[in-house]
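**Student:** A single structure is presented below for examination.
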Amino acid sequence: MKFRTRAIHVGNEPDPATGAVVPPLHLASTFVQAKAGVPQEYDYARSGSPTRKSFETTLANLEGGTHALAFATGMAATTCVTMMLSSGDHIVAGRDIYGGTYRLLHNVMNRFGIGVTLVRTDGDLSELKAAITPRTRLLWIETPGNPLMSITDIAACAEVARQHRLLLAVDSTFATPALTRPLELGADIVMHSATKYIGGHSDLLGGALVVQDKALYDKLYYIQNATGPVMGPLESYLCTRGLKTLELRVREQSRVAAQLADWLSDNPRVARVNYPGRAGHPGHSIAARQMDGAFGAMLSFEIKGGYEAAQRLVESTKLFALAVSLGAVESLIEQPASMSHASYQREDRLAVGISDGLIRVSVGLEDFEDLRDDLDQALVSALK
Amino acid sequence: MGNMKTNDRTANETARGISTTCVHAGEERQKEASSITDPIFCASTYTFANTAAVIEFIEKKLPREEYGRYGNPGEKVVERKLAALDGAEAAVLYSSGMAAVAGLLLAKLNSGDEVIFFDECYHRTREFCSKHMARFGVVTHQVPAGDYDAMEAAINKNTRLLVSESPTNPHLSVVDLERFAGLGRKHGVETLIDATLGTPYNVQPIGAGVDYVLHSATKYLGGHNDLLAGVIVGSEEQLAPVRKLRGITGAVNSPHNFYLLERGLKTFELRMQRHNANGQAVAEFLHEHPRIEKVYYPGLPSHPYHEIASRTMRGFGGLVTFLIKDADWRATADVVDRVQIPRIAPSLGGVESLIEQPLVMSYYEMPVEDRKRFGIPDNMIRLSCGIENTEDLVADLKQALQG
């Protein structure tokens, strides 16, 4: 079966008791046991529940994995992976990982004696290879990266991970399984902030891990069950519901993002556009290889006029809402220098290519003409 | 390390009766859209009118929401209500009780730090510390429950936290909270009590000087077996790093559960009164029954902790543990299988009575020596009395024991 068919049917068998085409939501915290001492699939909801399992089953299938784990947030999913490590272990991570992941690795895991080295992972992997030590256990990458849409070659990283017997985990939040399936490219763990495209409607928080190795799943499950940051039943249902339209949304949102990227690059008020679908993007050829027919709905661009112009631009849009987060049907806009990357020192920020005038856009499901006209009037007012 | 009442509103609220607190504490008097109940905010993110609003927020001039992992209006309401019930300044809510205790331990402990447990504390909490925190270089000590001298002797310069449950599960041993808190204060070590079985209705550890109280809110606080939640209460200052870490590791609960928990808390006092009455009546019935070897219930004068419990608890809860006389595991399971009203399931504290044989539920995979060490004999049954009518529960147990 094809992706969209599986998104609708796998893990969504009709309710045998009533025939309801959508399985009922199970809010129960605990499950009645038929007989003492006879284990059943569900006993206590922290350890598993039917509604959460339904979402996990569908997502595992869509990622080409065998097992998935749903969490309260994306950060809870990431934390679960890092909790497999021990004092003295070392992580190599991409230098443009999500700020929340950066904070977890540098301000929390360090207190437990776990080291981290950040390296450039887009393009040449020499920096990554040089950072690996005998204590390195985990390679953590994110592609496309935030906010420059840098592209990391998952298959090449998987080869390095195999040679050094490291676990390769990929934060695939921007790509979604509709466009990239890291497990098929050799990754061990796929991580998602389900808050973004999987939920897709800005109305839930969630996270997920997907693997295709039972032993690895057992380790992650053990930690999830021991530490308890599980996804609730209503969120699980909303994620299942979101997966049914995931491919439609992501492909349409990507199509409009590509159109906007082209339009922006022709705009005299714009200095530069970062979109992996454009031939001039440094990661374009890798993206074309590892992203399935579209390049995602996230893009960033630099407005001429720097910090103040960027600030005026994000204040002048009428459709794009000024907010962090991304991946939903509503288009969002932000200025990394003052919002998502405000915690960086200015020199550090500029060194990784995040300029004062950079604008990040999460393209929603609105019509291309409406979004273009909104950006057009905002660019005009910003540089008036 | 106590909880100073600096907020007039909190002081006024905690002076009120428990049900008044349950219904009103933490809520705005005039809510959005003039609604009498709190709306559920599903939003993952919150919009800013303009850049000035962003900057105002970042410079802390404007208290408001930003992103769901860092806070939600419904979360704040239920956290204020939970803090008020425990007579504390602040509460930090999590996706489950285990997420709450893991959140506190990860926030407060560093590699090289040590923790001391009374050994009847919830076994999953001790396991988390001795297995996972051990890999992070944290050392876990366990001393016999109620042995304050052994706990004091185990304290050294690296000790950061003393932990116990009270009452404990399933033996219902009761900690002398003032003595426990005093031990921590004397040595400058923080203290944590898991009061899931006690609940803020029956026991007030913050008032006794304990630093942090943990509840699996899945149990009596939610009360309807339809949500998972955990909470840590304490002082705003001591909980600030805990709350901050929750924003990083993301073990937050969901907006739907914030509301279900708030809703469940409205009937908390009523439910607890019935749970306590049922627990006491069932314990007394079992105590007199010829087929019962032993009953663990702090409300019975025969219970070794009855004196401490009578002094420190308002009621003794809905959980009753008992041993069937001269029964092997199978004969014990037959009693469990014969009851008609309580359902066989793990968990406790909901309106439905639940029954389990610890041997075959929580301790099934544990070697026999370990079960002996934990005091889990084959003929033990744990009954969580719900809020059904007392006569029905007693009559049901009577027929099950006749079998």
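**Student:** For peptide B:96-106, compute the average count of partner chain beta-carbon atoms within 10 Å of each residue's beta-carbon.
**Tutor:** If you average over the peptide's residues, the count of other-chain Cβ atoms is 5.
**Student:** Which is farthest toward the positive dipole end of the stretch B:268-402 among B:GLN357, B:LEU383, B:GLN273, measuring Cα position about the Cα centre, with Cβ charges +1 (Lys, Arg) and -1 (Asp, Glu)?
**Tutor:** The one lying farthest along the dipole's positive direction is B:GLN273.
**Student:** For each of A:MET191, B:MET361, count neighbouring Cβ atoms within 10 Å of the residue's Cβ, then give the residues from fewest to most.
**Tutor:** Result, fewest neighbours first: B:MET361, A:MET191.
**Student:** Which trypsin sites (Lys or Arg not before Pro) from the stretch A:33-86 combine a DSSP loop assignment with at most 12 other Cβ atoms within 10 Å?
**Tutor:** Passing sites in the stretch A:33-86 are A:LYS35.
**Student:** Placing unit charges on C-beta atoms (Lys and Arg positive, Asp and Glu negative, everything else neutral), compute the dipole magnitude of the protein assembly as shown about its Cα centre in debye, rounded to 20.
**Tutor:** It comes to approximately 700 debye.
**Student:** For the stretch B:149-155, just list the computed ³J(HN,Hα) in residue order, Karplus coefficients 6.51, -1.76 and 1.60, θ = phi - 60°, integers in Hz, with x standing in for Gly and Pro.
**Tutor:** Ordered by residue, 3J(HN,Hα) equals 5, 5, 5, 5, 5, 7, 6 Hz.
**Student:** Now for a separate question. Does anything in the stretch B:374-389 have its amide N under 18 Å from the 7 Å Cα→Cβ label point of B:LYS294, and if so which residues?
**Tutor:** Once the point is set 7 Å along Cα→Cβ of B:LYS294, B:374-383 turn out to lie under 18 Å by backbone N, inside the stretch B:374-389.
**Student:** Over the alpha-carbon set of the stretch B:23-136, divide Rg by the Kirkwood Rh and report the Rg/Rh ratio to two decimals.
**Tutor:** Taking Rh as the inverse mean 1/r over Cα pairs, Rg/Rh reads 1.07.
**Student:** Moving on. Could the peptides B:124-137, A:219-232 be put in order, highest first, of the mean number of other beta-carbon atoms found within 10 Å of their residues?
**Tutor:** For the peptides B:124-137, A:219-232, the packing ranking is A:219-232, B:124-137.
**Student:** Amide H to amide H, which residues 5 or more places from B:ASN225 or on other chains are under 5 Å from it, using H placed in the peptide plane?
**Tutor:** Here B:VAL351 satisfy the definition.
**Student:** Also, quick follow-up: Starting from the alpha-carbon convex hull of the stretch B:102-152, give the projected area averaged over all orientations, in nm².
**Tutor:** For the stretch B:102-152, averaging the hull's shadow over all directions gives 3.4 nm².
**Student:** Per-residue mean of other chain beta-carbon atoms within 10 angstrom of the beta-carbon, peptide B:344-355?
**Tutor:** So the per-residue partner count for this stretch is 4.
**Student:** Could you work out how far helix A:368-382 tilts from the main Cα principal axis of chain A, as a 0 to 90 degree angle to the nearest 10?
**Tutor:** Around 50 degrees separate the two axes.
**Student:** Okay, next question. Each residue of the stretch B:203-215 in order: what ³J(HN,Hα) in whole Hz does its phi give by Karplus 6.51 cos²θ - 1.76 cosθ + 1.60, θ = phi - 60°, with x for Gly and Pro?
**Tutor:** So the Karplus estimates, Gly and Pro as x, are 8, 10, x, 4, x, 7, x, 6, 6, 10, 10, 10, 10 Hz.
**Student:** In debye, nearest 20: dipole of chain A around its Cα centre with unit charges on the Cβ of K, R (+) and D, E (-)?
**Tutor:** 720
**Student:** More than 25 Å apart: what percent of Cα pairs in the stretch A:247-382 qualify?
**Tutor:** The calculated P(r) of the stretch A:247-382 puts 21 percent of pairs beyond 25 Å.
**Student:** If you don't mind, there's one more thing I want to ask. Helix-only mean residue ellipticity at 222 nm, the protein assembly as shown, DSSP H runs n ≥ 4 weighted -39,500 (n - 2.57), per residue, nearest 500. What is it?
**Tutor:** Only helices count here, giving -11000 deg cm²/dmol.
**Student:** Going by amide H atoms built from the backbone, whose H comes under 5 Å of the H on A:VAL230, apart from near neighbours?
**Tutor:** Those qualifying (amide H under 5 Å, at least 5 residues apart or on another chain) are A:ALA72.
**Student:** Are there chymotrypsin sites (Phe, Trp or Tyr not before Pro) in the stretch A:71-138 that DSSP marks as loop and that have at most 16 other Cβ atoms within 10 Å, and which are they?
**Tutor:** Listed in order of number, the matching sites amount to none.
**Student:** Which whole-angstrom value gives the distance between the alpha carbon centres of the stretch A:126-198 and the stretch B:356-403?
**Tutor:** The stretch A:126-198 and the stretch B:356-403 have Cα centres separated by 48 Å.
**Student:** Please compute, over every Cα-Cα pair in the stretch B:8-265, the percentage with a separation greater than 29 angstrom.
**Tutor:** Summing the P(r) tail past 29 Å for the stretch B:8-265 gives 31 percent.
**Student:** Take the alpha carbon atoms of the stretch B:31-110, find their center, do the same for the stretch A:343-377, and report the distance between the two centers in whole angstrom.
**Tutor:** The stretch B:31-110 and the stretch A:343-377 have Cα centres spaced 28 Å from each other.
**Student:** Next question, about the same structure. Let me know the mean shielding of B:109-119 by other chains, meaning the per-residue number of their Cβ atoms within 10 Å of its Cβ.
**Tutor:** Per residue, the average neighbour count from other chains is 2.
**Student:** For the stretch B:324-403, which chymotrypsin sites (Phe, Trp or Tyr not before Pro) are in a loop by DSSP, counting at most 13 other Cβ atoms within 10 Å?
**Tutor:** Those satisfying the criteria are B:TYR364.
**Student:** How big, in percent, is the set of alpha carbon pairs in the protein assembly as shown lying more than 41 Å apart?
**Tutor:** More than 41 Å apart: 35 percent of the Cα pairs in the protein assembly as shown.
**Student:** Over all directions, what mean area does the Cα convex hull of the stretch B:268-402 project, stated in square nanometres?
**Tutor:** 8.0
**Student:** In whole Hz and in residue order, list the ³J(HN,Hα) couplings for the stretch A:52-63 that follow from phi through the Karplus curve 6.51 cos²θ - 1.76 cosθ + 1.60, θ = phi - 60°; x for Gly and Pro.
**Tutor:** Result, rounded to whole Hz: 5, 4, 4, 4, 4, 5, 5, 5, 4, 5, 5, 8.
**Student:** Would you mind pulling out the separation of the Cα centroids of the stretch B:203-245 and the stretch A:216-269, in Å?
**Tutor:** Computed from Cα coordinates, the inter-centre distance equals 32 Å.
**Student:** Between A:VAL352 and A:TYR307, what is the label-to-label distance in nm when each label sits 7 Å out along the Cα-to-Cβ direction?
**Tutor:** Those two pseudo-labels are separated by 1.9 nm.
**Student:** Another one. Treat every Asp and Glu Cβ in chain B as -1 and every Lys and Arg Cβ as +1, leave all other atoms uncharged, and give the resulting dipole magnitude about the Cα centre to the nearest 20 debye.
**Tutor:** With only Lys, Arg, Asp and Glu charged at Cβ, the dipole is about 640 debye.
**Student:** May I ask you to derive the FRET efficiency for A:ARG6 and B:GLN273 from their Cβ-Cβ distance with R0 = 51 Å, giving the value to the nearest 0.05?
**Tutor:** The calculated FRET efficiency here is 0.50.
**Student:** Distance cut-off 19 Å, Cα to Cα: go down the list B:LYS219/B:LYS266; B:LYS131/B:LYS219; B:LYS31/B:LYS76; A:LYS304/A:LYS384; B:LYS294/B:LYS325; B:LYS31/B:LYS266 and report the pairs above it.
**Tutor:** Going by Cα-Cα distance, B:LYS131/B:LYS219 fall outside the 19 Å limit.
**Student:** Charges on Cβ only, +1 for Lys and Arg, -1 for Asp and Glu, centred on the Cα centroid of the protein assembly as shown; of B:ILE292, A:SER150, A:LEU313, which one is farthest towards the dipole's positive end?
**Tutor:** Toward the positive end, the furthest listed residue is A:SER150.
**Student:** Cβ neighbours within 10 Å, averaged per peptide: list B:62-69, B:240-247, B:273-280, A:330-337 in order, most packed at the top.
**Tutor:** A:330-337, B:273-280, B:240-247, B:62-69
**Student:** Amide H neighbours of A:GLY115 under 5 Å, counting only residues 5+ apart in sequence or on other chains, H built in-plane at 1.01 Å?
**Tutor:** Residues meeting the amide H criterion: A:GLY88, A:ASP89, A:HIS90, A:ILE91.
**Student:** Sticking with this structure for a sec: Picking from B:PRO63, B:PHE180, A:HIS192, whose Cα lies most toward the positive end of the charge dipole for the protein assembly as shown (charges on Cβ: Lys, Arg +1; Asp, Glu -1)?
**Tutor:** Ranked along the dipole, the leading option is A:HIS192.
**Student:** Just order A:168-181, A:125-138 by mean Cβ neighbour count inside 10 Å, highest at the front, would you?
**Tutor:** Put in order of decreasing packing, that is A:168-181, A:125-138.
Coordinate-derived values only; no laboratory data. Bear in mind that the values here come from a model prediction, so they are computed numbers and not experimental data. Ideal geometry is used to build each Cβ from the backbone, glycine not excepted, and the neighbour counts take in all protein chains shown.
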